[in-house]
1. Any idea what the relative contact order of segment 252-368 is, in percent, if you count C-alpha pairs under 8 Å spaced at least 6 apart?
2. With viscosity set to 1.567 mPa s and temperature to 4 °C, compute the Stokes-Einstein D of segment 531-650, Rh being the Kirkwood radius across alpha carbon pairs; µm²/s, no decimals.
3. Starting from the Cα-Cα distance between residue 743 and residue 240, subtract it from 0.36 nm times their residue separation and give me the gain in nm to one decimal.
4. List the aspartates and glutamates whose Cα lies under 16 Å from the Cα of residue 410, skipping any in the same chain that are fewer than 8 positions away.
5. Just from its helices, what would the mean residue ellipticity at 222 nm be for the chain, if runs of 4 or more DSSP H residues each count -39500 (n - 2.57) and the sum is divided by every residue, rounded to the nearest 500 deg cm²/dmol?
6. Helix 87-97 sits at what angle to the longest principal axis of the chain, using alpha carbons and giving 0 to 90 degrees rounded to 10?
7. Which of the peptides 354-362, 93-101 is most tightly packed, and how do the rest follow, going by the mean number of other Cβ atoms within 10 Å of each residue?
8. Size of segment 16-83 along its principal axes in angstrom, Cα-based, largest extent first?
Amino acid sequence: MSVFSTAPKSIGPASALLWYEEPATRFFESLPLGNGRLGAMVFGGVEEERIILNENSVWSGSPDDGDRPEAHRALPEIRRLLLENRHREAEALVNRTFTCQGKGSGHGNGANVPFGCYQVLGTLHLRFDHDAVRNYRRELDLREAVARVRYERNGVRFLREHFVSAPGEALVSRLTASQPGALSFSVTLDRPERFLTVPSAKNELLMTGTLNDGRGGRGVFYAARLRVVVRGGRVTTEGNRLRIENADEAVLLFAAATDYQGFAGRRTRFPLTASLNDLDRAARRSYDALKTAHIRDYKTFFDRVALRLGKDDTPPPPTDRRLTAFAAGTPDPALAALYFNFGRYLLISSSRPGGLPANLQGLWAEEIQTPWNGDWHLDINVQMNYWPAPVCHLPEMQEPLHALIAHLVKPGERTAKAYYQSRGWVAHVITNPWGFTSPGEEASWGATTGGSAWLCQHLRTHYEYTGDRKFLARVYPILKGASLFYSDNLIEEPKHGWLVTGPSNSPEHAFVLPDGTRAHVCLGPTIDMQQLRELFDNTVWAARLLNVDAALRDELTAKRRRLAPNQVGPDGRLQEWLEPYADSEPHHRHVSHLYGLHPGHEITPEGTPELAEAARKSLETRGDAGTGWSLAWKINFHARLGNGDRAHKLFKMLLTPTGARGFDMSGNGAGSSVNLFCFHPPFQIDGNFGGCAGIAEMLLQSHPDGGERPLIRLLPALPAAWPDGEVRGFRARGGVTVDIEWKNGVLVTARLTPDPRTHGPANPGELRVRYRGVTKTFPATGGKSVNLTLSDFSAPAS
Ligand code: FUC
């Protein structure tokens, strides 16, 4: 896709550098690199440089039919029980008959069951006989996607540079020293299980293995190769290790492939050949040529956008100390810009066209049993990973998500038949590269039916930002299939005659029935209704645009009108369920019923003030504390409510220094580790992406608000903590590039440049722009900037 953007100003070191005075000792202190498919975590140790390696199709498990073929027989009874308010009995029946068959996700520990688990590819160890060193520094420069480690020993300066190149399809490391012949070290390559490493040439290691398919058979086969090319000195093999002696310089090239034949990724049946070809191709180029090509490629994405908050041109303190100081109250606006840039960096590094989508850990995992299988959860997590893409002008990075959605349609149709005897397709709460669409293994979380509806939001959003008609025509059948499923599965609740889903959940949250018992399974939770209004609207809108399916449009329009509405409960909060049940956990991490506020947009402060107020009350009761991604979501909620200071408070909470062990579902230990990875805990990358998107949401919003054209809101939730700043190259809905500069908390200039593709001569349209409560309309011509200043928003309002 061609890029239309104004040239961004360069980003200063305080917004672009993660750096430390010590090596990492743990995974979540190390520095991530990636090209969307291959990932590396660089520890930067002195005696041992450890690099954890990933490849995004290193998944155990295998295709499996999780559907219970007879499940649909239980559906009428489950629904009858729910309609009679016998939720406990309904839930018990769902548990017996309406969950997946087999072992499901293995309750999140699926490494050795068919569901499988995203796993570490291996670890590269470089062992030196270096001990006491001086002037140690390790860093990650987000402007180039290069990690560096430097130190001095006995007067010799050592430098290691690492990057993972997309055009080069390899991890590339160069080790140099200020004195000839000073580089001596050994190299090994291993994995916690299922590996064999052999020297495959005098300067090369080959590691191969076959993962568990979950049935005791052979699953994905992988091949990983490391080659060392030295200047001066020599390389020898010693058993399964390479020994480098007295080199002036050493370049390490690492390539890997698997034979995963799923919906995306490198579709090779021959990982041995593919990895060798990658290595040979990389080895034909000089280190400088590889690095130049890598940086050029990376910058085509990263440089589309720039954000400056405060001053960022002076070198920052080490990132770990910076986090601690920020938590202690030292103002550091540039740290928010760094976090924002890190989010963009992670997305570019973990999600590239042709690959698998960023998973719960992006691309970076150190274990065989990654938490929650490192899968794609569909009740917020994978969607949150992609929130930054449109505004940060990274539409290409969404391609793997779009591919995942398309890949779920076929298995989702089977699931729709088995459980619901209905048309269309459905995905529930979890999925994997093997096309899992069945409900989860427990009703309490697994009966959520909104996964497919939520995914479909991303298809419409992509079109809104790019105006790509071909894309819309291609994905329309997916929207249609999702709508058909829900349309067939709406039932009428007797009290008001509203149409509702069921059985369903408000993701993972239980309610308390009047008799004091708890239940999860319900009819028509608010989130479902919000998602279905959106999905039906989107399908009808797309069908109209494509001029197809008139009868379906009528069907969906009629049903949409009858969906249960948002309801304000007796206590003024937006109701989470059809009835004003009590929350079982008032501070639950999911805030699903505010989907309509964000990432949906049916609730806005101007368009639906009562609902916005009810949403605000719901947020108050929920409280600020929460898991990593929950904090990130709340930044976005408060940004949508126009409350910048509260959003900033949540951002501060998201940056609470942590490295908490284990799992915590309540918010204890949530925050950021020193490498800025978000902690649920454990490490889970969705909060990084949600936080990145939240920062953007505070500075620019664009969504329809009572009009056909989106309303572009400038600085809608600017916090006092960011009095001065500048954004360049942000994208708004409608395909508009937005640059904004502000001082002392007040807009100085804004430049809006409609993309010629979305605002061509046939479709010039207009821009609706809002700042501080004043909305103005300007003619929009593709490629022509509209320059605005504060005075444009003085009066009169239009
Ligand atoms: C959902 C969330 C959890 C966690 C898991 C991966 O189940 O409720 O908090 O993020 O996904």
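1. The normalised contact order for segment 252-368 reaches 22 percent.
2. Diffusion coefficient, whole number: 83 µm²/s.
3. Extra length available between residue 743 and residue 240 comes to 175.0 nm.
4. Straight-distance partners of residue 410: 64, 65, 67.
5. Working: 18 runs with 233 residues, N = 798.
One gets -9000 deg cm²/dmol as the mean residue ellipticity at 222 nm.
6. Tilt relative to the chain: about 50 degrees.
7. In descending order of packing, they fall as 354-362, 93-101.
8. Computed over the Cα atoms, the extents are 65, 29, 23 Å.
Computed from the coordinates by the stated procedures, all read-outs in this text should not be read as laboratory data. Keep in mind the model is a prediction, meaning the values are calculated, not measured. Neighbour counts run over all protein chains shown; Cβ positions are idealised from the backbone, glycine included.
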